[in-house]
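So the structure is just underneath, and the comments pick up after that.
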Amino acid sequence: MRENKTLSRVLQEGKKRLRNANKENYAFEAELLLMDICGINRVALLTQGDAEITSEQEEKYIAYLAQREANRPLQYILGQCEFMGLSFNVGEGVLIPRSDTEVLVEAVLEVSEREKIKTVIDVGTGSGCIPICLTHFGQMIAVGLDISPVALDFARKNGEFNHVAVKWIESDLFSAVPEALRGAVDAIVSNPPYISKEVIEGLMPEVRDYEPRNALDGGDDGLDFYRRILEESCNWLREGGWLFFEIGYDQGQALLEMMTEAGFCQCALQQDLAGLDRVVFGKLERNQ
Ligand code: GLN
């Protein structure tokens with residue numbers, strides 16, 4: 001019978017394979033995949049290198065490495081990712097929450113400290129990361145909309161996993177929002193697809209080939225969904241309600257103009273950790 005390999009030997013092999021596959025964070029990724037398979041934390045991985053792993057574990061590791069070499073995102077392989085310190089299930093059919101989107105959630109939480117924001121609708125909720133965090137950290141009453149039933153299954157599971165009650169509705173933008181919410185919502189938030197068609201083909205293969213196209217593609221100029229959401233959001237927001245968008249780094253000026261034109265005031269941009277425009281928000285004034 002073949003001898004089982006040690007953790008440190010298998011880890012070395014994993015790192016080498018991912019480095020050869022040009023994965024920038026090859027060491028970190030090789031560690032995470034092995035930790036997941038063996039059910040151990042990083043300290044155990046690095047201090048118990050002489051422990052043997054079973055042949056089943058090794059086979060599973062090799063299969064994971066092959067998926068990563070084929071550019072499948074690490075988060076899809078692990079089936080999990082972190083957002084604002086909470087854990088989310090992810091997989092094919094749902095956008096992996098990005099740390100940039102934390103800026104969007106934080107902007108909503110910040111405004112809610114000085115303005116009444118209790119009821120909130122998230123348009124294009126994907127994994128549900130936005131309304132789940134707004135409920136968890138801001139005690140809001142949230143609705144998550146998505147056109148994709150697959151995404152909503154993830155969102156529902158994530159809500160249960162994080163013990164928050166969010167109302168999930170399968171809806172093409174606002175098409176299935178209950179009439180009772182018309183003109184009554186305190187805030188609308190959205191991280192819509194905002195990548196222009198021509199940029200999509202140049203994205204990393206992890207994103208381009210694995211993440212849902214309909215979560216990325218914002219049309220010819222990337223602004224299609226902002227136009228549609230802006231037009232419809234005025235029907236659902238109350239007077240003085242707020243609209244928050246995540247945006248691409250080069251879309252800030254266009255969005256400021258579009259929001260002002262749609263009747264929003266106090267419009268402002270907020271930057272991400274890299275100093276790039278990432279969020280725009282404003283308040284609906286009907287009587288201007
Ligand atoms: N709201 C989800 C997120 O921010 C999904 C967004 C999307 O699919 N465009 O991760």
Subject >> Complete set of residues in region 150-180 that are closer than 18 Å to residue 94 by Cα, open to solvent by 50 Å² or more (accessible area, probe 1.4 Å) and in a loop (DSSP other than H, G, I, E, B) >> reply: 172
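Within region 135-155, which residues are hydrophobic (A, V, I, L, M, F, W, C) and away from the ligand (no atom under 11 Å from the Cβ)?
The first filter runs over region 135-155 and keeps only residues hydrophobic (A, V, I, L, M, F, W, C), leaving 137, 140-143, 145, 147, 150-152, 154-155.
The answer is 137, 140, 141, 142, 143, 150, 152.
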Original post:
Do you know which of the residues in region 113-134 that are farther than 15 Å from residue 86 by Cβ and of a type in the set (A, V, I, L, M) is nearest to the ligand (Cβ to nearest atom)?
Top reply: 123
Original post:
Across region 191-208, what is the total count of residues that are open to solvent by 50 Å² or more (accessible area, probe 1.4 Å) and either more than 17 Å from the chain's Cα centre (by Cα) or within 12 Å of the ligand (Cβ to nearest atom) (or both)?
Top reply: 5
Subject >> Subset of region 72-96 (residues that are open to solvent by 20 Å² or more (accessible area, probe 1.4 Å) and within 9 Å of the ligand (Cβ to nearest atom)) >> reply: 95
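What number of residues within region 215-262 satisfy the criterion of being in a helix (DSSP H, G or I), among the aromatic types (Phe, Trp, Tyr) and more than 16 Å from the ligand (Cβ to nearest atom)?
Start the filter on region 215-262 by keeping residues that are in a helix (DSSP H, G or I), which leaves 215, 224-236, 252-261.
Add one more test, that the residue is among the aromatic types (Phe, Trp, Tyr), and what stays is 225-226, 236.
Imposing the further condition that a residue be more than 16 Å from the ligand (Cβ to nearest atom) reduces the set to 236.
Final tally of qualifying residues: 1.
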Original post:
When region 197-236 is examined, which residues are found to be out of contact with any Phe, Trp or Tyr (no Cβ under 6 Å at 6 or more places or on another chain), closer than 17 Å to residue 258 by Cα and in contact (Cβ under 8 Å) with a residue 40 or more places away in the chain?
Top reply: 225, 228, 229, 233, 234, 235
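This table checks each residue for (1) modelled with pLDDT of 95 or more; (2) of a type outside the set (A, V, I, L, M, F, W, C); (3) farther than 17 Å from residue 224 by Cβ; (4) more than 23 Å from the chain's Cα centre (by Cα).
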| site | (1), (2), (3), (4) |
| --- | --- |
| 248 | yes, yes, no, no |
| 255 | yes, no, no, no |
| 258 | yes, no, no, yes |
| 261 | yes, yes, no, yes |
| 264 | yes, no, yes, yes |
| 270 | yes, yes, yes, no |
| 275 | yes, yes, yes, no |
| 284 | yes, no, yes, yes |
| 288 | no, yes, yes, yes |
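Determine whether residue 147 is within 16 Å of the chain's Cα centre (by Cα), among the β-branched types (Val, Ile, Thr) and open to solvent by 30 Å² or more (accessible area, probe 1.4 Å).
Values: within 16 Å of the chain's Cα centre (by Cα): yes; among the β-branched types (Val, Ile, Thr): yes; open to solvent by 30 Å² or more (accessible area, probe 1.4 Å): yes.
Against the criterion (within 16 Å of the chain's Cα centre (by Cα), among the β-branched types (Val, Ile, Thr) and open to solvent by 30 Å² or more (accessible area, probe 1.4 Å)), residue 147 qualifies.
Please enumerate the residues belonging to region 2-48 that are of a type outside the set (Lys, Arg), assigned to a loop (DSSP other than H, G, I, E, B) and under 13 Å from residue 68 (Cβ atoms). Explain how you work it out, then say what you get.
Of region 2-48, the ones of a type outside the set (Lys, Arg) are 3-4, 6-8, 10-14, 18, 20-22, 24-41, 43-48.
After this cut, where a residue has to be assigned to a loop (DSSP other than H, G, I, E, B) as well, the list is 3-4, 21-22, 24-25, 39-41, 48.
If the condition is that a residue be of a type outside the set (Lys, Arg), assigned to a loop (DSSP other than H, G, I, E, B) and under 13 Å from residue 68 (Cβ atoms), then 21, 22, 24, 25 are the ones that fit.
The values are calculated or read from the model by the stated rules, or taken from the named source; none is laboratory data. This structure is a prediction, so every number in the text was calculated from the model and none was measured. Glycine also receives a Cβ, built like all others from the backbone with ideal geometry; neighbour counts cover every protein chain displayed. Please note that ligands, DNA and RNA were not included when accessible areas were found on the heavy atoms of the full protein model with its side chains. Shrake-Rupley method; radii C 1.70, N 1.55, O 1.52, S 1.80 Å.
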